[in-house]
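Below is one structure, written out as structure tokens, with a few remarks after it.
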Amino acid sequence: MNTDWQASEIPEALCRLIRPHVPMRLHTSLRVGGPATWLATPRSGDEFVAAMDWVVAQEIPWFVLGRGTNVIFDETGYRGLVFDLSELTGLHLDGATVRVMAGKSLPSLVQEVSRRGLAGLEWACGIPGSIGGAVVMNAGAFGQDLASILSSIRLLQEDGIRVVEAEELALGYRTSRLRTGELRGIVLEATLALMEGDSSACMARIEHFTTLRAKSQPQGASCGSVFVNPAEGPTAGQLLDRAGCKGLRIGCVEVSHLHANFIINYGENNANDILELIEQMHDAVLRTSGISLQREICMASSSEIR
Ligand SMILES: Cc1cc2nc3c(=O)[nH]c(=O)nc-3n(C[C@H](O)[C@H](O)[C@H](O)COP(=O)(O)OP(=O)(O)OC[C@H]3O[C@@H](n4cnc5c(N)ncnc54)[C@H](O)[C@@H]3O)c2cc1C
């Protein structure tokens with residue numbers, strides 16, 4: 001193990017991709033997180049693979065970030081290199097088959113395919129994450145999820161790139177074998193099977209879902225739902241509401257009055273307050289309902305090397 005990786009010299013070809021000491025609060029929707037030693041923002045698959053080869057050769061700890069809408073970095077940040085995939089946004093259409101690079105944001109993908117009359121992804125219009133993050137989390141809304149349209153992915157592993165069929169990912173409610181760590185690697189690209197449809201009908205569905213979301217989703221810096229719903233019975237939001245969590249506040253972070261499973265951050269540099277509030281929410285439900293809610297949000301602590 002290379003304990004002196006911070007002394008590694010960045011190869012010239014990678015210098016323009018890699019920036020030192022970048023605050024993670026600028027790259028997460030909750031707006032918290034201290035600095036990463038390095039942040040790499042590749043603009044093509046080849047640049048990404050080159051950066052990954054270097055990181056692996058130097059034994060540098062690394063973490064992959066999609067759009068940062070479901071992840072918390074603590075205030076110590078990340079000791080290692082964070083890959084920011086937000087520039088990997090290529091899109092290729094072949095009839096109703098869509099190949100899309102991992103960093104593409106769901107809202108922009110939904111707009112682009114819907115304008116062309118490709119149906120099946122409209123439910124995702126308000127999910128601010130990337131397609132790569134959506135695969136890992138099996139993102140979903142309004143009773144639909146990525147599992148229903150995902151055909152396969154290209155997965156970068158430490159020994160190369162391979163195609164993984166959707167069935168191998170064991171996509172379930174907000175989970176996958178990538179999320180659980182049974183399968184390791186980075187989603188480079190996803191292939192989706194959409195349906196030929198009518199663009200105005202797609203746009204009307206987007207408008208419908210946007211209106212529904214506006215009624216139920218609080219505004220402000222958040223990570224979406226903090227906890228996943230239990231397999232049966234009341235939703236996490238209902239349990240948190242019954243436990244009196246709405247309005248619970250630590251410093252500048254508060255449980256939304258509109259939706260008890262959302263926290264809104266009005267401050268910055270306050271990851272500890274967020275983590276403490278999440279624990280209080282969890283404990284309140286355990287006390288009142290005897291249910292131990294599971295977090296939906298991912299932790300990107302310095303010890304996590306995926
Ligand atoms: C306002 C708001 C509303 C939301 N609404 C919904 C909703 O309705 N439904 C829903 O499902 N989610 C929702 N979310 C949560 C979030 O947008 C989704 O979980 C999304 O899929 C996360 O994508 P991301 O790119 O932001 O992932 P990140 O937060 O960047 O990463 C999440 C995890 O995935 C890993 N990861 C990311 N990209 C890759 C990749 N290419 N390869 C391998 N691992 C990767 C990261 O390492 C991390 O462990 C919401 C969030 C917000 C802020």
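The values are calculated or read from the model by the stated rules, or taken from the named source; none is laboratory data. Because the structure is a prediction, the values reported are computed rather than measured. As a convention, Cβ positions derive from the backbone with ideal geometry for all residues, glycine included, and neighbour counts pool all protein chains shown.
Could you figure out which of (1) within 8 Å of the ligand (Cβ to nearest atom); (2) farther than 23 Å from T89 by Cβ isn't true of D159? In the conditions (1) within 8 Å of the ligand (Cβ to nearest atom); (2) farther than 23 Å from T89 by Cβ, D159 misses (1) alone. In a residue-by-residue description of the stretch 82-96, the property of being more than 12 Å from the ligand (Cβ to nearest atom) and crowded, with 19+ Cβ neighbours inside 10 Å applies to no position. Would you call E75 part of a loop (DSSP other than H, G, I, E, B) and either more than 13 Å from the ligand (Cβ to nearest atom) or over 19 Å from the mean Cα position of the chain (by Cα) (or both)? Criteria met by E75. The residues of the stretch 211-245 that are among the hydroxyl-bearing types (S, T, Y) and either loosely packed, with under 15 Cβ neighbours inside 10 Å or without any contact (Cβ under 8 Å) to a residue 24 or more places away in the chain (or both), listed by number, are T211, S216. Determine which member of the set V22, V71, V56 is surrounded by fewer than 18 Cβ atoms within 10 Å (Cβ to Cβ) and not assigned by TED's automatic domain parsing to the domain that holds R154. Step by step, each of V22, V71, V56 is checked, and only V56 is surrounded by fewer than 18 Cβ atoms within 10 Å (Cβ to Cβ) and not assigned by TED's automatic domain parsing to the domain that holds R154. In the stretch 25-53, the qualifying residues are those that are within 20 Å of G132 (Cα to Cα) and among the small types (G, A, S), and the one that is surrounded by the fewest Cβ atoms within 10 Å (Cβ to Cβ) is S44. Counting residues in the stretch 113-130 that are surrounded by fewer than 24 Cβ atoms within 10 Å (Cβ to Cβ), at pLDDT 95 or above, more than 16 Å from G68 (Cα to Cα) and among the hydroxyl-bearing types (S, T, Y) gives zero.
Taking the numbered list (1) within 12 Å of the ligand (Cβ to nearest atom); (2) buried (at least 18 other Cβ atoms within 10 Å of the Cβ) in turn, T191 passes all entries but (1).
Look at the stretch 167-196: where a residue is not assigned by TED's automatic domain parsing to the domain that holds T235 and in a strand (DSSP E or B) and a partner is near the ligand (Cβ under 9 Å from one of its atoms) and of a type in the set (F, W, Y), sitting 6+ places away or on another chain with Cβ atoms under 8 Å, you get I186/F83.
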